[in-house]
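To start, the structure under review is shown below, and the notes come after it.
The values are calculated or read from the model by the stated rules, or taken from the named source; none is laboratory data. Bear in mind that the values here come from a model prediction, so they are computed numbers and not experimental data. A quick note on method: Cβ atoms are made from the backbone with ideal geometry, for glycine too, and the neighbour counts reach across all protein chains shown.
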Amino acid sequence: MLLSVQQCLVAPKPIKASSRSLSRLRFGGIDNTLKPGRLDWMLSKKPYRVSPRRFAEVVDEYKKNRFDVVPVAVVRAIEKETGQRRDIVVAREDNKNERYVLYALEPQYLYLQDLGDMELSWDEKNPLYLSHINTELGNKKFYGLGTLLHQIAVERSFESGLHGQVTLNSAAKALAFHYKCGFSAGFRNAPDALMNAELERRIRIAEDKKRLDPSLSEAVNTEDLGQHRMVLRAPQIEEWKRIICQSPILLKCPEEIIGPVSTARKLDTSV
């Protein structure tokens, strides 16, 4: 059953902590106090899937205009300039790897604008490897496109029987964003605690500056940290399961594929 817009945008209420050790909740190793945190903010900006009827209308519109694109999903994303939600098409265009591309139809000129893309690959060492992701153009116009592609990767991991496990090699400038989306530096059984702590420190500084001056950018400078391997760990996979059950993108019946979702947010002690 599809969720309403309100259901998709409202994050679950945080649990009450009974001690200092539980007074902070984590997503991607990031501390969230018991007020709306980073994950809740991300959920408020994340695109949500349209109804089956609207999906059929968009597919017919693309066929009518002879666009060589086959949508696998249509989502509604917030346009930064107007604050309004617009249809974004998710298309799968496989070549060597499994590739997803985001398109927006510019109705005034009837052309498709490429907003970003992502590639997924499988091998023996990396069951699901996010080999490429780029939403630089789309980020100038819309909120939440990078988060959307991360969710598609996690959904495909569950759908392939990999239990939500995803790995990637992050460029230096993208470290903070991947961290906010639940990835932590290091390998699955060997987290890089020092790097994760440094990312946390820099993100906190940027957030504090943003609270004092809302006109400042939310970007976090990590260019000097270099490339790093990043993975999703069990507590963050649980958070993604909750998000997917609230507002799936590709999965039709997510509960049947990803299994039961923990009712409480788990504390990530690996960072």
Q: Taking the options LEU168, LEU267, name whichever one is on the phi < 0 side of the Ramachandran plot and modelled with pLDDT of 90 or more.
A: LEU168
Q: Select, from GLU200, GLU207, the only residue that is surrounded by fewer than 20 Cβ atoms within 10 Å (Cβ to Cβ) and at pLDDT 90 or above.
A: GLU200
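From the list ASP123, ASP114, which one is out of contact with any Gly (no Cβ under 9 Å at 6 or more places or on another chain), of a type in the set (Asp, Glu) and surrounded by fewer than 20 Cβ atoms within 10 Å (Cβ to Cβ)?
One residue alone meets the criteria, ASP123.
What number of residues in segment 170-198 are closer than 18 Å to ILE152 by Cβ and of a type outside the set (D, E, K, R)?
Counting residues in segment 170-198 that are closer than 18 Å to ILE152 by Cβ and of a type outside the set (D, E, K, R) gives 7.
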Q. Out of all the residues in segment 196-249, which are of a type in the set (Asp, Glu), out of contact with any helix residue (DSSP H, G or I) (no Cβ under 6 Å at 6 or more places or on another chain) and part of a helix (DSSP H, G or I)?
A. GLU198, GLU200, GLU207, ASP208, ASP224, GLU238, GLU239
